[in-house]
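Below is one structure, written out as structure tokens, with a few remarks after it.
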Amino acid sequence: MTRLLLTVPEAAEALAISRSKLYELFAAGLVRSVRIDGSRRVPIEALETYIAHLLSQEEEAADAKAS
């Protein structure tokens, strides 16, 4: 069965960023997470949504530069 939630260190590793940077993304509301009995977990979907947002920003920047 595929895991749906990652620990903070696993999510940070998946994004190739530090744990502290991931906590900054949580605070900014850019990556969503859930708490389960005091432990923070990151849905795989939240990482995919964040990456899609980054790609969209890149495309918009490239389009604006081309115009």
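The values are calculated or read from the model by the stated rules, or taken from the named source; none is laboratory data. These numbers were taken from a predicted model, which means no experiment stands behind them. Heads up, the Cβs are rebuilt from the backbone with ideal geometry, glycines too, and the neighbour counts pull from every protein chain shown. Side chains included, ligands, DNA and RNA excluded: accessible areas come from the protein's heavy atoms. Shrake-Rupley method; radii C 1.70, N 1.55, O 1.52, S 1.80 Å.
What number of residues within the range 12-50 satisfy the criterion of being farther than 22 Å from residue 2 by Cα, among the aliphatic types (A, V, I, L, M) and not in a helix (DSSP H, G or I)? Residues flagged as farther than 22 Å from residue 2 by Cα, among the aliphatic types (A, V, I, L, M) and not in a helix (DSSP H, G or I) within the range 12-50 amount to 3.
How many residues does the range 33-55 hold that are more than 12 Å from the chain's Cα centre (by Cα) and open to solvent by 70 Å² or more (accessible area, probe 1.4 Å)? Before you say what the answer is, go through the steps one by one.
If we filter the range 33-55 for residues that are more than 12 Å from the chain's Cα centre (by Cα), which is where we start, we get 34-40, 55.
Filter again for open to solvent by 70 Å² or more (accessible area, probe 1.4 Å), leaving 35-37, 55.
Within the range 33-55, residues that are more than 12 Å from the chain's Cα centre (by Cα) and open to solvent by 70 Å² or more (accessible area, probe 1.4 Å) number 4.
Name the single residue that is surrounded by the most Cβ atoms within 10 Å (Cβ to Cβ) among those in the range 1-12 being in contact with a helix residue (DSSP H, G or I) (Cβ under 9 Å, 6 or more places away or on another chain), modelled with pLDDT of 95 or more and over 15 Å from residue 49 (Cα atoms). If we take residues in the range 1-12 being in contact with a helix residue (DSSP H, G or I) (Cβ under 9 Å, 6 or more places away or on another chain), modelled with pLDDT of 95 or more and over 15 Å from residue 49 (Cα atoms), then 8 is surrounded by the most Cβ atoms within 10 Å (Cβ to Cβ).
Checking the condition surrounded by 14 or more Cβ atoms within 10 Å (Cβ to Cβ), on the phi < 0 side of the Ramachandran plot and in contact with a His (Cβ under 8 Å, 6 or more places away or on another chain), which residue from 25, 15, 30 passes?
Only one candidate passes the filter, namely 30.
For the range 30-67, the set of residues classified as without any contact (Cβ under 8 Å) to a residue 12 or more places away in the chain and among the small types (Gly, Ala, Ser) consists of 38, 52, 56, 61, 62, 64, 66, 67, listed by residue number.
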